[in-house]
Amino acid sequence: MKFSTALISTALLTGTTLAAPLTAERAARHEARRQARATKVRHGNPPFLPDTQSVIDLSNNETVHEQYSQNWAGAVLIGTGYTAVTGQFTVPTPKAPSGSSSGDYAASAWVGIDGDTWSKAILQTGVDFTVTNGEASFSAWYEWYPDYAYDFTGIDISAGDEIKVTVEATSTSAGTATVENVSSGQKVSHSFSGETSGELGELNAEWIVEDFQEGSSLVDLANFGTVTFTGAQATSGGSSVGPSGATILDIKQSGTVYTSSSVTDDTVVVAYQG
């Protein structure tokens, strides 16, 4: 971040001389995290069975029956013709799990189309929340799996902000991902077209908190408190449907269940319980 002479003079006159260096330090830390993230390509995955790299098959699962996953918690609707998914949540303040040492801990909240009973592609967008030695940071991203995730620019996110996330498929190989900071009014969007690495089947709609992959392994899961998707809606065959009746997923790793998820007609709640 650059500061002009005029801005520095204004700061001196208004008694805010500490603002510039502190802001610069935060910007430097953010840039360092961004560069570290760039060397560890971030991407999501389909839901894996606990402690495996085998994708869960929910196609024969009874609705509202809980399943455990290595990396997904939340709700998955299974059907046909899903072309849009949306939801809104309050950005949590991530913390290191109780008794954990210093280091990086993270999780991600997102909405998406496909990824379970159709594992060839996922159109998704959301927000990562990370805590590094007690300091929280946040990034909005979009992804057309199996390509990896890309960070949005032009949007700032802080704990407590209300974020609306939406994906819309205009065909099986095209669509849009949108993240809106309702609290600040900032809104960013990315359009996909001609995606040939993996085409959508439009069979799944999801509201998920994920232990995402960075580099070759899953990140250490942060204590994210509770993420509640409100206004949770999907579009199927031109009609709006809510998550009631969705299959519930919770994260289980090394025998420990880390989340508790539930749904109503228009909400999906994912609570950390590690």
What is the projected area of the convex hull of the Cα atoms of region 43-272, averaged over all directions, in nm²? 11.3 nm²
How do Ile122, Ile208 rank when sorted from fewest to most other Cβ atoms within 10 Å of their own Cβ? Ile122, Ile208
Full extension from Asp104 to Thr256: what is 0.36 nm times the residue separation minus their Cα-Cα distance, to one decimal in nm? 52.7 nm
For region 218-252 and region 76-107, what is the separation of their C-alpha centers, rounded to whole Å? 9 Å
Tell me the label-point distance for the pair Asp156, Thr170, using the 7 Å Cα-to-Cβ offset, in nm and rounded to one decimal. 3.1 nm
May I ask you to compute the full-extension gain from Asp147 to Thr196, defined as 0.36 nm times their residue separation minus their alpha-carbon distance, rounded to one decimal in nm? 16.6 nm
In nanometres, what is the gap between the two model label sites at Gln273 and Lys187, each 7 Å from Cα along Cα-to-Cβ? 3.7 nm
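Laboratory data are not the source of any read-out in this text; all were calculated from the coordinates shown. For clarity, every value in this text was computed on a predicted model and none was experimentally measured. Every residue, glycine among them, receives a Cβ derived from its backbone with ideal geometry; neighbour counts consider all protein chains shown.
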